[in-house]
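Right, one structure below, let's go through it.
Quick note: the coordinates plus some simple rules give every number you see, no bench work behind them. Here the structure is a predicted model, which means the values were calculated and not measured. Note that we place each Cβ from the backbone using ideal geometry, even for glycine, and neighbour counts take in every protein chain shown.
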Amino acid sequence: MLSRAFRHSRLATSVSKTIPCVSTTATLLHLKPSILFNRVKANSCDILRPFSSSNLLSVQQHFNVRANPVDGNQVQVQWDANTESLYQHFWLRDHCRCPSCYHPQTRQRLVDTFAIPVDIKPRSVQANEDGLTVVWDNDEHKSVYEWAWLKNHTYNPPLKGKVELHSPKPVLWDATIANAPPVVQYEEVMTTKAGLAKWLDNIEVYGFSFVDGVPVSLEATEKLARHICFIRESHYAPGLWDFTSDLAHADTAYTDLALKAHTDTTYFSDPVGLQMFHKLEFDGTGGESLFVDGFKVAQNLKEQYPKAYETLSTLRIPTHSAGDEKVMIVPTPREQSILNHLSDGTLYQIRYNNDDRSTLSNLTANQVDEFYDALRKWNDELTSDRNQYWESLEPGRVVVFDNWRVLHGRASFTGHRRLCGAYLNRDDFKSRVRSIKYSPAEKSTLL
């Protein structure tokens, strides 16, 4: 079985409703099948019978098709007494889901958008157990749109309750996470779908997870990383990296110095999504690992100092990596904000490493003052004991964390310390999550 969080994040079960002439029981959607269209006179079509179009949808419906004199450019679907959707003719033809227009295996579009007549009209529109069926007037092409897909992609107007490809709501944490950090067992992860789902769920919800019982070897660590996705190559290593404090690369990570909380690869246009650490050998003192929930720190900053939060969200800072002889990496665009948001204002990425910041010559005098003031407040939160989770990693315990959310660091150390690890792309991680979370039928409905 999938973990509880994964099960709850699956396509939500709708509560059945009774509407005049409509009886609906749907796994995904409430559907009232009154379909209205313009241009041609339709025959009234009444159907009352149960059917199942996929494991997403099991509906008992009463269908009624009739002409709509209101608009000559759209088909109207009446889902219930108070909810309707309008779909433009061109949009419907462009999104035809038949096998000749949409490849059922690759899930790629095959339709030629630019061959569709601008003034395309339907010859007929029918509502039946397969969904909305439209026969187009120009070439008699038949398009069928499953109800689950059609409802989930309504846009005029946008409807609440649409199933989106969003991540589960993150659980923010502070230093008290040390009392019960998210942990899974290596054997469970590698041999069961439920174990893998729990591991990935931990990373999505908490931003990190430990894996205990990992064989203490490069081979086992690499196998664990590749159980999520392929390893991202970088100028540090062509795959899994294996390092000590020998300055093999001109980077402070390859020393025995303390490292303050930071995210890696702020200088990449696409910073790495996940990081994995496994301590293979250690015969000294110190070297404890530091983890800070950047989303929690950002929330604290926003509540206490909204102006500082805005500054770190809007001012763009240059970064670089140029220690090695053949390396001079800067991102595109050249400057990036420390706090990055989606269009709806949701914080989705933190890019912060004060050691990798380039010369601040892109700001005005007033912005320089604003930036340093905001940065001090940010640093105060990062370095507060209440937000810092320290953990002594041991051989056999691997940690994987979201580099877009969780900042990491370490205490200085003495002696020999050998660590291996890997970078993983965020897109590949999220793809792995969705491949477990959604069935093939659900993929088709969501895309």
Calculate the translational D of region 175-437 in whole µm² s⁻¹ from Stokes-Einstein, where the hydrodynamic radius comes from the Kirkwood formula applied to all Cα pairs, the temperature is 20 °C and the viscosity 1.002 mPa s. 112 µm²/s
Rounded if a/c is under 1.5, else prolate if a/b is larger than b/c, else oblate: which is region 145-240, with a ≥ b ≥ c the root eigenvalues of its Cα gyration tensor? prolate
Can you tell me the length gained on complete extension of the stretch Gln108 to Lys223, counting 0.36 nm per residue apart and subtracting the Cα distance? 38.3 nm
Could you give each residue of region 429-436 its phi-based ³J(HN,Hα) in whole Hz, using Karplus coefficients 6.51, -1.76, 1.60 with θ = phi - 60°, and x for Gly or Pro? 4, 5, 4, 5, 4, 5, 5, 8
Between region 353-369 and region 185-244, what is the separation of their alpha carbon centroids in Å? 36 Å
Taking the radius of gyration and the Kirkwood hydrodynamic radius from Cα positions alone, what is the Rg/Rh ratio for region 287-328, to two decimal places? 1.18
In vacuum, with every alpha carbon of region 186-326 counted as one equal point scatterer, what does the Debye formula give for log10 I(q)/I(0) at q = 0.12, 0.14 Å⁻¹? Two decimals, please. -0.67, -0.91
Once label points are set 7 Å from the Cα along Cα→Cβ at both Ser269 and Lys162, what is their separation, rounded to one decimal in nm? 2.9 nm
Using r as the Cβ-Cβ distance of Ser412 and Gln367, and R0 as 30 Å, what FRET efficiency do you calculate, to the nearest 0.05? 0.30
I need the per residue convex hull volume for region 281-359, using only the alpha carbons, in cubic angstrom as a whole number. 164 Å³
Which entries in the list Lys151/Lys437; Lys260/Lys377; Lys142/Lys162; Lys260/Lys326 go over 18 Å, if you measure between the two C-alpha atoms of each? Lys151/Lys437; Lys142/Lys162; Lys260/Lys326
For a Förster distance of 25 Å, can you work out the FRET efficiency between the beta-carbons of Leu360 and Glu325, rounded to the nearest 0.05? 0.45
Stretchable slack from Asp427 to Arg386, in nm (0.36 nm times residue separation minus alpha-carbon distance): 11.6 nm
More than 22 Å apart - percent of Cα-Cα pairs taken over region 308-447: 57 percent
Check Gln388: other-chain or 5+ apart residues with amide H under 5 Å from its amide H, H built from backbone geometry? Ala175
Computed lengthening from Glu233 to Val171, 0.36 nm per intervening residue step minus Cα-Cα distance: 19.3 nm
Could you estimate the translational diffusion coefficient of region 116-191 from the Stokes-Einstein equation, with Rh from the Kirkwood formula over C-alpha pairs, at 25 °C and 0.890 mPa s, in whole µm²/s? 139 µm²/s
